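What follows is a set of notes on a single structure, which appears directly below.
The values are calculated or read from the model by the stated rules, or taken from the named source; none is laboratory data. Remember, it's a predicted structure, so these values are computed and weren't measured experimentally. Heads up, the Cβs are rebuilt from the backbone with ideal geometry, glycines too, and the neighbour counts pull from every protein chain shown.
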Amino acid sequence: MTINKIRDGSDHQYGRRIEADRSWTVYHVFSGIPADADAGATTGLNRVEATDMMRSLNRRDDGRESGCSAPKRAASFTRTATII
């Protein structure tokens, strides 16, 4: 399984990962569960669909007032794990 997060210094809530069947899933990075999107499916996607969905969800969250006073992380990271 490969897990990708966009490296841009922001604190995004959603990432994308490739599944064993080579489909992509958009998921909540803190819980690991597939995202709940009003716009459509977040599992069984191709890479382009997953990237578009992930960016859309992260943009949506960027516009919201979270009310959370927790500090943002200095930078996000990219982690890649491959299971053979």
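Observations
- Restricting segment 23-64 to residues that are basic (Lys, Arg) and assigned to a helix (DSSP H, G or I), the residue that is modelled with the highest pLDDT: Arg47
- Taken over segment 18-29, residues that are touching a residue at least 12 places away in the same chain (Cβ under 8 Å) and more than 15 Å from Val48 (Cβ to Cβ) amount to 5.
- Residue selected from segment 10-29 under the condition surrounded by 13 or more Cβ atoms within 10 Å (Cβ to Cβ) and among the small types (Gly, Ala, Ser), by the criterion nearest to the chain's Cα centre (by Cα): Gly15
- Close Cβ contacts (under 8 Å, 6 or more residues apart or on different chains) running from residues in segment 30-53 that are loosely packed, with under 10 Cβ neighbours inside 10 Å to residues that are part of a loop (DSSP other than H, G, I, E, B) comprise Phe30/Gln13; Asp36/Thr42.
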